[in-house]
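Written below as structure tokens is the structure these notes are about.
The values are calculated or read from the model by the stated rules, or taken from the named source; none is laboratory data. The shown structure was predicted, so the numbers you read here are calculated from the model rather than taken from an experiment. Neighbour counts run over all protein chains shown; Cβ positions are idealised from the backbone, glycine included.
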There are 2 protein chains.
Amino acid sequence: MPSLPTAALSSSSSLPLFPPSSYSSPRKTQSRFCLSFALPRFTNPTHPFRRPMTCSSIPIEKETVISDRPYSFLRETDGLDDESVRSRFQRMIMDVQDSVCGALEALDGAGNFQEDAWTRPSGGGGISRVLQDGRVFEKAGVNISVVYGVMPPEAYRAAKAAVTDQNPGPVPFFAAGISSVLHPKNPFAPTLHFNYRYFETDAPKDSPGAPRQWWFGGGTDLTPSYIFEEDVRHFHSIQKRACDKFDPSFYPRFKKWCDDYFHIKHRDERRGLGGIFFDDLNDYDQEMLLSFATECANSVVPAYVPIVEKRKDTPFNGRHKAWQQLRRGRYVEFNLVYDRGTTFGLKTGGRIESILVSLPLTARWEYDHKPEEGSEEWKLLDACMNPKEWI
Amino acid sequence: MPSLPTAALSSSSSLPLFPPSSYSSPRKTQSRFCLSFALPRFTNPTHPFRRPMTCSSIPIEKETVISDRPYSFLRETDGLDDESVRSRFQRMIMDVQDSVCGALEALDGAGNFQEDAWTRPSGGGGISRVLQDGRVFEKAGVNISVVYGVMPPEAYRAAKAAVTDQNPGPVPFFAAGISSVLHPKNPFAPTLHFNYRYFETDAPKDSPGAPRQWWFGGGTDLTPSYIFEEDVRHFHSIQKRACDKFDPSFYPRFKKWCDDYFHIKHRDERRGLGGIFFDDLNDYDQEMLLSFATECANSVVPAYVPIVEKRKDTPFNGRHKAWQQLRRGRYVEFNLVYDRGTTFGLKTGGRIESILVSLPLTARWEYDHKPEEGSEEWKLLDACMNPKEWI
């Protein structure tokens, strides 16, 4: 198995959780994992970080399992400055994890989240929560992580050409994020994914005056098996409302970005009915983007919970369930074949149960299945193949 | 979507079926598909074809759906020479498709194979057969294909350094193969995969005297959810018997190759309990290898059918079924993440239903599932993590 130092350098979208150290088998170790996120997309041809980075000489420290969640995962030197963006972002994702898990447990009425928490000797850590086989939810994961890592100097040089001549050393970075996938049981209740992340570099170790880099990324998207237009409109309206508070260009831009990103190319279908998605966002005021990410994360519960509340007890038959299972198969295809966080995590030897907690409990593949034209199943497929404007 | 000329250049292992022409959506066309196989593995660092080849300027012809299977898919000029290796290999895979499907229908007792057949204007074609939701089998696919294609001159040059100076043109090739994945319903009846293929180049178009290349590839492997040692020993014994008729080194060498190939790296598990696997085989007498591939393909029924016959009606409970479904999840992971034929097919825009017919009807992913030490489930997992010598 390769070592894992690059794990935390992956840009994530689905539920990309990677362990902080290398090991040969998930069942042979006590490894706990961390969210990995926040570095820019490798595939953006115009982005200076577009090449996959390797830094096998810079391993991340091994984690320590802890029994109680701490007040903060930040290093003490960071923690003293409670007004820093990293500190406020961490507080935000911890609060959102609490509020989302609380809302989901109340909605489920039976299942409880199982929690795993860990820290690392030099700072950072994470909290993973999974609710499986509840009354309403088949599988729900809500995870946060804070990572102190080091990126190879080539990455920083590529981003900041002016510094390249000074041959800087490895560049320390900070990353924090929340990531979640929620799969309900009822085929009329949609799956939800959301992920918000913040990334910051320090100055290179031997270039103390060099400028810091920072980015925000994330999104919230809905994956129903059946279309209830009022549900999809409600969901997109909440996304638009969050966007419009900051910039009228955000919703149309991030809605399209979402449709483009969650594209199952080999089927020419989107995974679901979209929402918003953005990455590498740093060309706005940093405070404004922190508020924007906070607004988006706080919009998850009002955007999603009322929909599940409305559909969780809708009667269904075997045909509905089979169609939901086929769409779950598509979810698996997207996550295993295309999702950058997942594929990167698998390649770099991440803690597999954490990376793949985004997969549904059950999925189905029928040979050459074609919904009857005009049927409810056909309408969903059509909307996945031809993204619509919902509001 | 990219055009598909390279589809037929993929080395396959699972059920790699690709359409012969490019299209943007599986549901928007009448495309039928072809098996794709036979070129050497790209990842073998010592192999001259190790780099993925692109030949987007050399498209494969569009196929024509036909109602009845023809006697031969070979070009007339080939067909006149019934003693050629390509002709005899085609006859062999047609016969094996018949005999395997016949044996499976008899075993199932209820399901029938649905057949799709097609040809291409300048020769080549294929027959796909799928049995879904039978009495014994959840999903069973048995497919053959014959391809006349053209590989980029770089590939041929790389293989034959002596020819490089002459700057040869595109290199015509012939490929034929049979590929199959069989998923039974009963959790005590194992999944089977087999695939045998033959590949031949013509001389480059402007270097008529240059030597031909040829290869054989293939294998048969068993993926149970529960171990019945007598079943696994029976299966491996039949593989060894087929191998030993030709070379005593074959079974140990191809058994290990199989264990190495079907490795789910992110779990450090094999997909199943192995069998035999070989690729790029040309360093033996060609007639001997044709006989060997024939012997292996003819060994599928005696190696597999008695096992399913014995286990198809074994009583099982929900725990057995759930474990089978978890192992089916592993099958999905291997095929979508690692299998060269599948991943190459997805990237090059193959007919998705054909590529993914290898996926099980249903699969399952539980968070952090760990079988109890010493249990029957644990024993299977242990054997997948630590490949054993069964005979």
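What to note about this one:
- Taken over segment B:253-266, residues that are in a helix (DSSP H, G or I) and at pLDDT 95 or above amount to 9.
- Note on segment B:379-391: residues that are more than 9 Å from chain A (Cβ to nearest Cβ) and under 22 Å from residue B:189 (Cβ atoms) total 9.
- Segment A:111-169, subset aliphatic (A, V, I, L, M) and part of a helix (DSSP H, G or I), residue modelled with the highest pLDDT: A:155
- Helices (runs of 4 or more DSSP H) (entirely within segment A:279-378) containing at least 3 residues that are away from every other protein chain (no Cβ under 11 Å), touching a residue at least 60 places away in the same chain (Cβ under 8 Å) and over 30 Å from residue A:246 (Cβ atoms): A:318-337
- Residue count for segment B:214-248, restricted to those that are closer than 18 Å to residue B:270 by Cα and among the aliphatic types (A, V, I, L, M): 3.
- Lone unmet requirement of (1) modelled with pLDDT under 95; (2) under 22 Å from residue A:95 (Cα atoms) for residue A:211: (2)
- Among residues of segment A:379-391, those that are part of a loop (DSSP other than H, G, I, E, B) and hydrophobic (A, V, I, L, M, F, W, C), counted: 2
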